[in-house]
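Asks: Here it is: the structure, laid out below.
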Amino acid sequence: MSCVLRNSDTEVDQSYAEFKSRLFGLVDKKFEGYFSTERQSRIRLDEVRWGGVKQEGIPPLRKPKMISASEADYLQDDNVIFGIDINGDTRAYPKRILATTS
């Protein structure tokens, strides 16, 4: 088994942000503003991928129905689950629902 560390420090040419802005702008003009040499970036721009839809293409869930762990019979024991607890409001989100692989 091999492991690739993708989040290492890598020097990226300063013109890359401009390239990424123009490329994503071809999909949706609103994306152009996400990449700029004038903005400080805390993420690696070479790891940003287009998700397959235009901005606002997936409507946000408003007040989604929450179910108890015992009701989540669609989950398997080996599923990866992300959990969060904020001031006693504890929730779990299955990875397969949050993200897809390509």
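The values are calculated or read from the model by the stated rules, or taken from the named source; none is laboratory data. Nothing here was measured: the structure is a model prediction, and the numbers come from that model. Cβ: placed from backbone, ideal geometry, glycine included. Neighbour counts: every protein chain shown.
Asks: For the range 45-102, how many residues are of a type in the set (Asp, Glu) and either surrounded by 10 or more Cβ atoms within 10 Å (Cβ to Cβ) or in contact (Cβ under 8 Å) with a residue 40 or more places away in the chain (or both)?
Replies: Selection size over the range 45-102: 2.
Asks: Related question: Got a sec? Which of Arg39, Arg49 is modelled with pLDDT under 80, in a loop (DSSP other than H, G, I, E, B) and among the charged types (D, E, K, R)?
Replies: Details: Arg49 fails: modelled with pLDDT under 80.
Just one listed residue meets the conditions, Arg39.
Asks: I'm trying to understand the selection: among the residues of the range 31-82, which are under 19 Å from Pro94 (Cα atoms) and hydrophobic (A, V, I, L, M, F, W, C)? Steps first, answer last, please.
Replies: Step one: filter the range 31-82 for residues under 19 Å from Pro94 (Cα atoms), giving 51, 58, 60-82.
Within the range 31-82, Ile58, Leu61, Met66, Ile67, Ala69, Ala72, Leu75, Val80, Ile81, Phe82 meet the criteria.
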